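Coordinate-derived values only; no laboratory data. Predicted model only: the values in this text are computed from it and were never measured. Note that each Cβ is placed from the backbone with ideal geometry, even for glycine, and that neighbours are counted across all protein chains shown.
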Amino acid sequence: MSQWLNKVISDARGVDDFLAPMRQQSLNKLETDGWPHARSEEWRFTPLSSLKERVSNESSLDTSYNVPQIDGLESIDIVFVDGVLRTDISKLSLPHGLNLCAINNASTDMQDEISRLFGQVKPSRHVFGLVNDALCEQGVYISLDDNCEVDTPLRIINIAAQDCDAHTRALVNLGENSQLKVIEHGFGSQASFTTAFAEYMIGKEAKLEHYRFAFFTGAAKQVGGSHFSLQERANLNSTFVSYGSELSRVDVDIIHAGQHANAKMNAIYLLAEGELFDMHSTIEHAVPNGTTQENARGIIGDKARAVFSGRIHIHRDAQKTLAELNNRNLLLSRRAMINTKPELEIYADDVQCAHGATVAEIEEKALYYLMSRSIPRSKALVMLNFGFVQELVNAISNEPIKQWLLPMLSERFANMEVK
C-alpha cells in the first residue's frame, strides 16, 4: 500500500453523505485490491512512482482561473476548479427537458435518482475510479427527458490550477428518443493530481454526441474515464483528443446493453518530448446486432511514451455483431515508444470483427519532397503530422469545435518537432 493511497482511504472514511453506502463498497474493494503493482496488466507500461508517495494538499478557493472560449460555439458551461464547482447551476438558463443539479446539493428526489445510477456503468476494476467513488464530493447530475432534443452543447470544464488533489464526477442520463451533446474539457499544467470520471446512460433510440479533451501537460497528473451504456437502438458518436503529461490516462468503456445500438469512437493523442499518455478502452457487446467502430491514432514525440490497450469482447449471445478496432501510431524519433495491444475476444460464431495496429516513422521521402518545394522543415512536419490525423479531425460534425481544434493541433505539432 502506498503512502498516498493510505491517505485516500483515511480521508474517505470521513465522507458521510447520501452516497455513503456506494462509497463504502468502493472503499472496501480499494482496501482489498491495494496499490497497482508493476506486474499488473492494467498498469505494467504506466509507472505510478510519481504518485505513490505524493503528499496531497488542500485547494484554495481564491484561485483565479480562465475558461477558454470556443469561437462560434454557444455552450452551457459547468466549471470545476481543483475539484470545486464554481458554476451556480441555479442561475443557468436551461432548454426544456434538460435538468441539472450539483451532486452535493441534490434534492431528496434527485438523491434517490443519483444513488440508483452512481457507479452502474463504470466498472469496479478501475482503481482510480474507486478512489473517485470514495472521495468525489463535487459533481453534477444531468438528465434529459424522453423525446427531447437539445442543440446547445453542455461543456463540463475541469481546471487543474494548483498543486492539490481533486475528484469530480458527472452522471448523464438520456431519456428515450432524446438527443444531447456533451463536451468534457480538462486542462492544466501545474503539479497536481485529478480524477474525473463520467458515466452516461443512453436510453432507447437516444443519441449522444460526446467529446473529451484532456489537455493536461507538464507536471499535471490526471486519471479519468468516460463510460457509456447503450440501450436498444441508441447511438453514440464520441471523440477523444489528448495530450501527454507526467501522468495522463483515460479509460473508456462502452457497453452494448440493448440490440441494434451503434457506437463510433475516434481518439487522437499527441505527445511532446518526454510525456506519457495511456488509453485503455473496452467494448462489451452483450446482446445481438450491435455495431462498433473504433479508430485511435497517436503521434509520439522524442522520448515520449504512449500506451494503447483496446479490447472488444463479444459475448456468447451477441450474434450479428459488427465490430472494428484500429490503432495507428507515428513515432517522431527512435527514442519515442508505443505499447499497443488491440484485442478481440469472441464467443459468438456469427459476427464480423477486425482489429489491427501499426507503428511507423516520418516518411523521409515525403519530408524531403516538401522541403525541396521551399517549405521549411518545421512546417513540412506539421503538414505531414496533420495529414496523419486529419481524417479523424474531419469526422467531427461540430464545425466550431473542428475549427477550434485545427490551429491548436498545428501549434502542438510544431512544438513536438525533434530538435
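The simple spin-label model puts a point 7 Å past each Cα toward its Cβ; for residue 94 and residue 17 those points are separated by 1.7 nm. The tail of the calculated P(r) for region 317-419 beyond 17 Å holds 66 percent of all Cα-Cα pairs.
Put a dot 7 Å past the Cα of residue 69, heading toward its Cβ, do the same for residue 147, and the two dots end up 3.8 nm apart. The stretch between residue 189 and residue 370, if pulled fully straight at 0.36 nm per residue, gains 61.8 nm over its current Cα-Cα span. Here the Debye sum runs over all C-alpha atoms of region 1-131 as equal scatterers in vacuum, and log10 of I(q)/I(0) at q = 0.11, 0.17, 0.21 Å⁻¹ comes out as -0.59, -1.18, -1.33. Among the listed pairs 264/365; 264/303; 122/221, which have their C-alpha atoms separated by more than 29 angstrom in this model? Exceeds cut-off: 264/365; 264/303.
The ellipsoid equivalent to the alpha-carbon distribution of the chain has semi-axes of 32, 26, 23 angstrom, derived from the gyration tensor eigenvalues as √(5λ) and listed largest first.
For the chain, the antiparallel share of DSSP beta bridges with both residues in that region comes to about 5%. Only helices enter the 222 nm calculation for the chain: every DSSP H run of n ≥ 4 contributes -39,500 (n - 2.57), and dividing by all residues gives -6500 deg cm²/dmol, rounded to 500.
Ranking of 194, 63 by neighbouring Cβ atoms within 10 Å, starting from the fewest: 63, 194. Each Cα pair under 8 Å and six or more residues apart adds its sequence gap; the mean of these over the residue count of region 310-419 is a relative contact order of 25 percent. Ordering 347, 200 from the fewest to the most neighbouring beta carbons within 10 Å gives 347, 200.
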